[in-house]
Amino acid sequence: MAHTINDALDVIDCANDCYHHSILNLIGVAGALVSDERNLVFTSNRGENTVGIFSPDDEASLVKVSVGVRPNGLSYDPIRIFCLRPTSAIRRCQDRSPFRWWTLSDVR
């Protein structure tokens, strides 16, 4: 679970309903994506404009990739080993069209 105010990802044991530990130094972490297929965790670190990538079996292997301004959501394709980081675009108030624009970064 992303704990933005603490710049940490909290690891929760859902089977036993308890907090396990925190992964620190993820500045402004907004969310996490877990790929069971590739045994990887991705974090969107809005406070430092990076995506963090590490194995849950080796949290010390954390690598941060610069992706541009304030990454938010993440999408991952385990077959192509391809991660996309969408950043919401800002629309003008007078624009009545549906909100559908994204900026994408390839973080391979």
Tensor-based shape of segment 13-71 (alpha-carbon gyration tensor, a/c under 1.5 rounded, otherwise prolate or oblate): prolate
Evaluate E = 1/(1 + (r/R0)^6) for residue 5 and residue 37, where r is the Cβ-Cβ distance and R0 equals 41 Å; express this FRET efficiency to the nearest 0.05. 0.85
Give the calculated FRET efficiency between residue 16 and residue 63 to the nearest 0.05, with a Förster radius of 35 Å applied to their Cβ-Cβ distance. 0.70
Per-residue counts of other Cβ atoms within 10 Å, averaged by peptide: what ranking do you get for 66-77, 5-16, highest first? 66-77, 5-16
Applying a 10 Å radius around every beta-carbon, put 52-59, 26-33 in order of their mean neighbour count, most first. 26-33, 52-59
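Bear in mind that the values in this text are calculations on the coordinates, not laboratory data. All values derive from a computational prediction rather than experimental measurement. Note that we place each Cβ from the backbone using ideal geometry, even for glycine, and neighbour counts take in every protein chain shown.
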